[in-house]
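Everything on this sheet refers to the single structure shown next.
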Amino acid sequence: MNQKPSEEEYAGDAGNYIRLVPEGDIIDILLAQGNQMTGLLASFTEEQGSYRYAEGKWSLKEVAGHIIDSERVMTYRLLRFSRGDQTPLSSFDQELFIPPFDNWTMAQLAEDYRAVRQATITLLRGLPEEAWTRHGTANHSSITVRALAYGCAGHELHHVRIIRDRYLR
């Protein structure tokens, strides 16, 4: 799928992430991004993984866990909508998902990231062409399957930028 979603394919905050994604085939973008993120996670020590740039902020491990779990949630929505399920899906409280990650090693996070990204790629490769423009409702907003796929990539780009700016000083 080489075409970025149009603004009619999403609403709300999704556009903030989608606009970060370069032009190109989303599967190729996700594959390249996966290689970069795997290398980035592998480069961190356990001490770096526990670093918080300010009181009350997530540790680097928690940011990595958030990226992983958010992709899980987005691809779950993507799967449901791609199959034609029109059941509205609620939002999720990202803070509820964070607690376990400070107890994980960087190697565990890298392994989990690779598994989730591979599952995303496999899912996207198996979608029939007509599924990409199907839509559903998540967080009270309409969104297409294509916009969710680009949202996965853009969400990671957003957080990698934060990692580079605030955690790697």
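Tabulated results
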| read-out | value |
| --- | --- |
| 11 Å cut-off, amide nitrogen to a point 7 angstrom out along THR87 Cα→Cβ, residues in segment 54-80 | 80 |
| Cα→Cβ-extended label distance, 7 Å offset, between THR122 and GLN3, nm | 3.0 |
| Coarse-grained scattering of segment 73-127 at q = 0.26, 0.27, 0.30 Å⁻¹, given as base-10 log I(q)/I(0) from a Debye sum over alpha-carbon atoms | -1.06, -1.07, -1.13 |
| Portion, in percent, of the accessible area of the chain that falls on carbon or sulfur, probe 1.4 Å | 50 |
| Tilt relative to the chain, helix 145-162 - C-alpha long axis, 0 to 90 degrees, to 10 | 20 |
| Distance between segment 122-137 and segment 38-112 - C-alpha centres, whole angstrom | 23 |
| Computed label-point distance, nm, for sites ARG166 and GLN94 using a 7 Å Cα→Cβ extension | 0.9 |
| In degrees, nearest ten, helix 26-42 long axis to first principal axis of the chain (Cα) | 10 |
| Diffusion coefficient, µm² s⁻¹, Stokes-Einstein with Kirkwood Rh over alpha-carbon pairs of the chain at 25 °C and 0.890 mPa s | 150 |
| Inter-site label distance for ASP25 and GLU111 at 7 Å from Cα along Cβ, in nm | 3.1 |
| Descending principal axes extents, segment 103-167, alpha-carbon based, whole Å | 39, 24, 19 |
| Mean Cβ count within 10 Å, highest first, over the residues of peptides 126-139, 57-70 | 57-70, 126-139 |
| Between helix 106-125 and the chain: long-axis angle, C-alpha atoms, 0 to 90°, nearest 10 | 10 |
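The values are calculated or read from the model by the stated rules, or taken from the named source; none is laboratory data. Predicted model only: the values in this text are computed from it and were never measured. Note that we place each Cβ from the backbone using ideal geometry, even for glycine, and neighbour counts take in every protein chain shown. The area values use the complete protein model at the heavy-atom level, side chains included, leaving out ligands, DNA and RNA. Shrake-Rupley method; radii C 1.70, N 1.55, O 1.52, S 1.80 Å.
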